[in-house]
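Novice: Handing you a structure now.
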């Protein structure tokens with residue numbers, strides 16, 4: 001028993017060592033965010049705990065054992081998206097071990113997780129967007145800031161992380177562009193519409209100077225003069241949605257969905273929308289075409305229902321004569 005316990009501890013130490021080396025490689029080569037690296041660490045440690053319970057070693061894993069692990073995840077009621085993410089993490093980890101020569105064969109080669117349900121993104125109407133933005137107080141520095149945030153979220157399709165990362169130096173109001181650092185620190189230039197550019201100009205002239213209580217490069221400042229947080233932007237969006245009487249869950253990413261959907265409905269090409277959103281793969285953008293197709297279907301069905309109602313009314317009139 002003592003020997004077995006000692007071997008188990010040694011295997012866990014080996015697993016943790018391999019984990020840290022793997023994360024160090026990701027950090028150096030892919031420039032991933034701390035949040036993403038934290039998820040990788042959590043996913044792999046959860047798998048290591050499963051191996052510990054069965055006295056299995058990281059270097060001795062086979063497909064059968066991984067499938068057993070996936071079965072426990074599904075049986076626990078874990079969402080399919082989370083299971084898929086864990087499978088992706090494991091595949092990446094063992095691919096790394098194989099490339100580093102730590103394993104001769106990748107035991108997870110070709111392994112796939114459960115099919116992920118694809119939910120269509122929802123979006124706001126143009127009227128709801130107008131009401132949302134109009135709910136801001138244009139006479140206070142916070143109101144000017146908040147209106148500018150809403151304008152940019154909708155007019156530029158920014159992620160909330162990109163929004164809070166904006167710097168004053170990244171603005172070009174003459175060309176109506178802003179420099180954005182997206183996922184993986186990929187840099188891109190994002191266009192602003194005229195209403196958004198006007199909102200930025202007024203915020204810079206009348207709002208930001210009154211919020212700037214200390215030196216900061218950030219475009220959007222909190223009440224202490226520091227960079228606004230992602231959580232603060234989420235609360236701002238929710239606050240004005242309630243003020244505008246929009247009876248649904250409204251969050252920054254919903255405005256990004258709305259931006260993409262309205263562009264496609266307006267006739268923009270898919271590749272253009274992909275570039276504006278900063279998607280590395282056009283397949284990620286493709287989902288918005290399904291949204292616009294479903295909207296067209298609802299419009300057609302509504303029109304057909306209207307025609308059917310008119311025909312029914314005419315039939316009744318004829319019968320009552």
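The values are calculated or read from the model by the stated rules, or taken from the named source; none is laboratory data. Since the model is a prediction, treat every value here as computed from it, not as a measurement. Cβ placement follows ideal geometry from the backbone for every residue including glycine, while neighbour counts extend to all protein chains displayed.
Novice: Go over the candidates 151, 162 one by one and state the one that is part of a helix (DSSP H, G or I) and in contact with a strand residue (DSSP E or B) (Cβ under 7 Å, 6 or more places away or on another chain).
Specialist: The match here is 162.
Novice: Looking at (1) farther than 29 Å from residue 258 by Cα; (2) modelled with pLDDT under 85; (3) assigned by TED's automatic domain parsing to the domain that holds residue 47, can you tell me which one residue 93 breaks?
Specialist: Every condition holds for residue 93 apart from (2).
Novice: Is it the case that residue 103 is out of contact with any helix residue (DSSP H, G or I) (no Cβ under 7 Å at 6 or more places or on another chain), assigned to a loop (DSSP other than H, G, I, E, B) and at pLDDT below 90?
Specialist: No; evaluated as a whole, the condition is false for this residue.
Novice: For residues that are assigned to a loop (DSSP other than H, G, I, E, B), modelled with pLDDT of 90 or more and under 28 Å from residue 275 (Cα atoms), tally how many sit in the range 177-223.
Specialist: Number satisfying all stated conditions: 3.
Novice: Kindly indicate whether residue 15 is assigned to a helix (DSSP H, G or I), surrounded by 16 or more Cβ atoms within 10 Å (Cβ to Cβ), over 24 Å from the mean Cα position of the chain (by Cα) and in the same structural domain as residue 86 (by TED's automatic domain parsing).
Specialist: The answer is yes for residue 15.
Novice: OK, next. Please find, among 191, 158, 173, the residue that is farther than 15 Å from residue 239 by Cβ and free of Cβ contacts under 8 Å to residues at least 60 places away in the same chain.
Specialist: Only one candidate passes the filter, namely 173.
Novice: Restricting to the range 222-237, name every residue that is within 16 Å of residue 128 (Cα to Cα) and exposed (fewer than 15 other Cβ atoms within 10 Å of the Cβ).
Specialist: Hits for the range 222-237: nothing passes.
Novice: Quick one: how many residues across the range 49-75 are touching a helix residue (DSSP H, G or I) at 6+ places or on another chain (Cβ under 6 Å) and either under 16 Å from residue 109 (Cβ atoms) or part of a helix (DSSP H, G or I) (or both)?
Specialist: 4
Novice: Moving on to the next point. Criterion first (farther than 30 Å from residue 28 by Cβ, assigned to a loop (DSSP other than H, G, I, E, B) and in the same structural domain as residue 277 (by TED's automatic domain parsing)) does residue 174 satisfy it?
Specialist: Yes.
Novice: Identify all residues within the range 166-208 that are buried (at least 16 other Cβ atoms within 10 Å of the Cβ) and under 15 Å from the mean Cα position of the chain (by Cα); write none if there are none.
Specialist: 181, 182
Novice: Determine which single condition residue 217 fails, assuming it passes every other condition in (1) without any contact (Cβ under 8 Å) to a residue 40 or more places away in the chain; (2) surrounded by fewer than 19 Cβ atoms within 10 Å (Cβ to Cβ).
Specialist: (1)
Novice: Residues of the range 224-269 being under 18 Å from the mean Cα position of the chain (by Cα), assigned to a loop (DSSP other than H, G, I, E, B) and closer than 20 Å to residue 168 by Cα, which ones?
Specialist: 229
Novice: Is one or more of the residues making up the range 114-126 touching a residue at least 60 places away in the same chain (Cβ under 8 Å), farther than 30 Å from residue 47 by Cα and touching a strand residue (DSSP E or B) at 6+ places or on another chain (Cβ under 7 Å)?
Specialist: Checked the range 114-126: no residue is touching a residue at least 60 places away in the same chain (Cβ under 8 Å), farther than 30 Å from residue 47 by Cα and touching a strand residue (DSSP E or B) at 6+ places or on another chain (Cβ under 7 Å).
Novice: Further question on the same structure: So which residues in the range 264-283 are in contact with a helix residue (DSSP H, G or I) (Cβ under 8 Å, 6 or more places away or on another chain) and farther than 22 Å from residue 187 by Cα?
Specialist: 264, 265
Novice: Of all the residues that make up the range 118-148, how many are in contact with a helix residue (DSSP H, G or I) (Cβ under 6 Å, 6 or more places away or on another chain), under 30 Å from residue 81 (Cβ atoms) and part of a helix (DSSP H, G or I)?
Specialist: Qualifying residue count, the range 118-148: 2.
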